[in-house]
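Comments concern the structure below.
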Amino acid sequence: MEFLFDTNHVSKILEGNESIVLKVNSLKDASSRFGISVSILGELFFAAYASKRKEENLLKLRRFLEDIIIWEYDEIAAEEFGRIQAEQKSKGKPIPSIDAQIAAVARVHKLTVLTNDQHFSFIDGLSSVENWLK
């Protein structure tokens, strides 16, 4: 199985949340793969650079990045983004652009999204959406 972390899940991992770290490690041992999209990468770098413990947080982030996949936000994902935003507009349930980018990458690569954000459940065509922070 392949999982796409949303920023809220990565933040908990970087904070050392034991329950999520143990779950990720046990699934990695079972051949599951984990990653983020380039959109999330930007959010994570912003959080690190804007923090009071910039060097420490950048180091944690870079260590985290050594062990995951980074799925590109490419032309195919950009088209999927447009499709998702149009679908959500027609439903009257718009979502933030960055989350539509994340959903686009997930739909293109058939990834399970790990997020604490409820609006991902409004998006049709996602393989799965799970919240491991509950």
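The values are calculated or read from the model by the stated rules, or taken from the named source; none is laboratory data. Model, not experiment: these values are computed from the prediction. Note: ideal-geometry Cβ built from the backbone for every residue, glycine included; neighbour counts use all protein chains shown.
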(request) Output the residues belonging to the range 20-66 that are closer than 14 Å to residue 5 by Cβ and of a type in the set (D, E, K, R). (result) 23, 28, 33, 43
(request) Pairs only if they're at least six apart or on different chains, beta carbon under 9 angstrom, first in the range 25-44 and free of Cβ contacts under 8 Å to residues at least 12 places away in the same chain, second of a type in the set (A, V, I, L, M) and part of a helix (DSSP H, G or I); list them, first residue then second. (result) 42/98
(message) When you check residue 26 against the structure, is it among the small types (Gly, Ala, Ser), over 25 Å from residue 104 (Cα atoms) and at pLDDT 95 or above, yes or no?
(response) no
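Given the residues 20, 13, which is the only one that is among the β-branched types (Val, Ile, Thr), in contact (Cβ under 8 Å) with a residue 24 or more places away in the chain and within 22 Å of residue 127 (Cα to Cα)?
Working: 13 fails: within 22 Å of residue 127 (Cα to Cα).
Testing whether each residue is among the β-branched types (Val, Ile, Thr), in contact (Cβ under 8 Å) with a residue 24 or more places away in the chain and within 22 Å of residue 127 (Cα to Cα) leaves just 20.
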(request) Would you please name the residue that is surrounded by the most Cβ atoms within 10 Å (Cβ to Cβ), looking only at residues in the range 27-52 that are touching a Leu at 6+ places or on another chain (Cβ under 8 Å) and farther than 24 Å from residue 78 by Cα? (result) 48
(message) I'm trying to understand the selection: among the residues of the range 108-134, which are basic (Lys, Arg) and without any contact (Cβ under 8 Å) to a residue 60 or more places away in the chain?
(response) 134
(request) Just one of (1) exposed (fewer than 15 other Cβ atoms within 10 Å of the Cβ); (2) modelled with pLDDT of 95 or more trips up residue 72, so point out which. (result) (2)
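Take residue 27 and tell me if it is out of contact with any Asp or Glu (no Cβ under 9 Å at 6 or more places or on another chain) and part of a helix (DSSP H, G or I).
Details: out of contact with any Asp or Glu (no Cβ under 9 Å at 6 or more places or on another chain): yes; part of a helix (DSSP H, G or I): yes.
Yes; evaluated as a whole, the condition is true for this residue.
This table checks each residue for (1) surrounded by 12 or more Cβ atoms within 10 Å (Cβ to Cβ); (2) of a type in the set (Val, Ile, Thr); (3) touching a strand residue (DSSP E or B) at 6+ places or on another chain (Cβ under 9 Å).
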residue	(1), (2), (3)
58	yes, no, no
63	no, no, no
84	yes, yes, no
99	yes, no, no
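Somewhere in the range 3-12, is a residue acidic (Asp, Glu), closer than 22 Å to residue 103 by Cα and surrounded by fewer than 12 Cβ atoms within 10 Å (Cβ to Cβ)?
Of the residues in the range 3-12, the ones acidic (Asp, Glu) are 6.
Cutting the leftovers down to closer than 22 Å to residue 103 by Cα gives us 6.
Then keep just the ones that are surrounded by fewer than 12 Cβ atoms within 10 Å (Cβ to Cβ); that gives none.
No: zero hits.
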(message) Please go through the range 101-134 and give me each residue that is buried (at least 21 other Cβ atoms within 10 Å of the Cβ) and under 19 Å from residue 19 (Cα atoms), ordered by number.
(response) 113, 114, 115
